[in-house]
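Shown next, in structure tokens, is the structure this report addresses.
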Amino acid sequence: MSRMVPTMRRGKAVAWIAGPAIAIAASAVLAGTMAGSLTARGEERVPGLTGIDRPDEVVQARQLLMDGVEAEMMEIELGLEGKEPRIGDLKARADRISTLLTAFPHLFPPQTKPVAAADGSPSITTATPAIWQDFDAFYGKTQAAAMTAYDASQAGTADQFREQVKKLRAACDGCHAQYMRVEPPSPP
């Protein structure tokens, strides 16, 4: 398991995230946020702010990150169906989900809100506007899900792990219902 470091929000420790890589990523996000506020005030373009320079790539990055979460979740759920689940492996997957979900909300800069293209084609993102209408609620849900995944990774028994995984699935499904636009399948 990864070494844990506390994150700070409004001066209080509110969550735990895995490893120094996330701390570095959080520093980069903070630097980007600070540079972004300077850009807005100074009206000058700051190279490297991917939300400004490459919003489509940021959308793709968050889709890839979520694909990783879903792949790990699928392995956990399938792994629990066996007679003798490899709890150590499944707990490691839950730890990875915790790390990914901790970083996830930072991939939603305002430049990536869903908008129709000039040619009328739909937005490339499946995110709903509700994310940006109340970002703090979205952020809170993702961080709560990250903590549930972390709790699963720290479970002492297989039954405790199963219970945390059920909570994690419910958190994922609830978030998707509120913040993800799902297109119905096209008729054949």
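Scanning for something in a helix (DSSP H, G or I) and closer than 21 Å to Met73 by Cβ, does region 109-128 turn up at least one residue? Checked region 109-128: no residue is in a helix (DSSP H, G or I) and closer than 21 Å to Met73 by Cβ. For region 151-165, a tally of residues being surrounded by fewer than 16 Cβ atoms within 10 Å (Cβ to Cβ) and either in contact with an Asp or Glu (Cβ under 7 Å, 6 or more places away or on another chain) or closer than 16 Å to Glu75 by Cβ (or both) returns 1. Taking residues in region 109-120 that are more than 16 Å from Glu57 (Cα to Cα) and among the small types (Gly, Ala, Ser), and partners anywhere that are assigned to a loop (DSSP other than H, G, I, E, B) and modelled with pLDDT under 90, the pairs with Cβ atoms closer than 7 Å and at least 6 places apart or on different chains are Ala116/Pro122; Ala116/Ser123. When you look at Leu80, is it under 23 Å from Leu64 (Cβ atoms) and not polar (S, T, N, Q), yes or no? Spelling it out, it is not the case that Leu80 is under 23 Å from Leu64 (Cβ atoms) and not polar (S, T, N, Q). The one condition from (1) in contact (Cβ under 8 Å) with a residue 24 or more places away in the chain; (2) in a helix (DSSP H, G or I); (3) not small (Gly, Ala, Ser) that Pro85 does not meet is (2).
For region 129-150, how many residues meet the condition of being open to solvent by 40 Å² or more (accessible area, probe 1.4 Å) and in a helix (DSSP H, G or I)? The total comes to 9.
The values are calculated or read from the model by the stated rules, or taken from the named source; none is laboratory data. Computed from a predicted structure; not experimentally measured. Glycine also receives a Cβ, built like all others from the backbone with ideal geometry; neighbour counts cover every protein chain displayed. Surface accessibility is based on the protein's heavy atoms, side chains included, excluding ligands, DNA and RNA. Shrake-Rupley method; radii C 1.70, N 1.55, O 1.52, S 1.80 Å.
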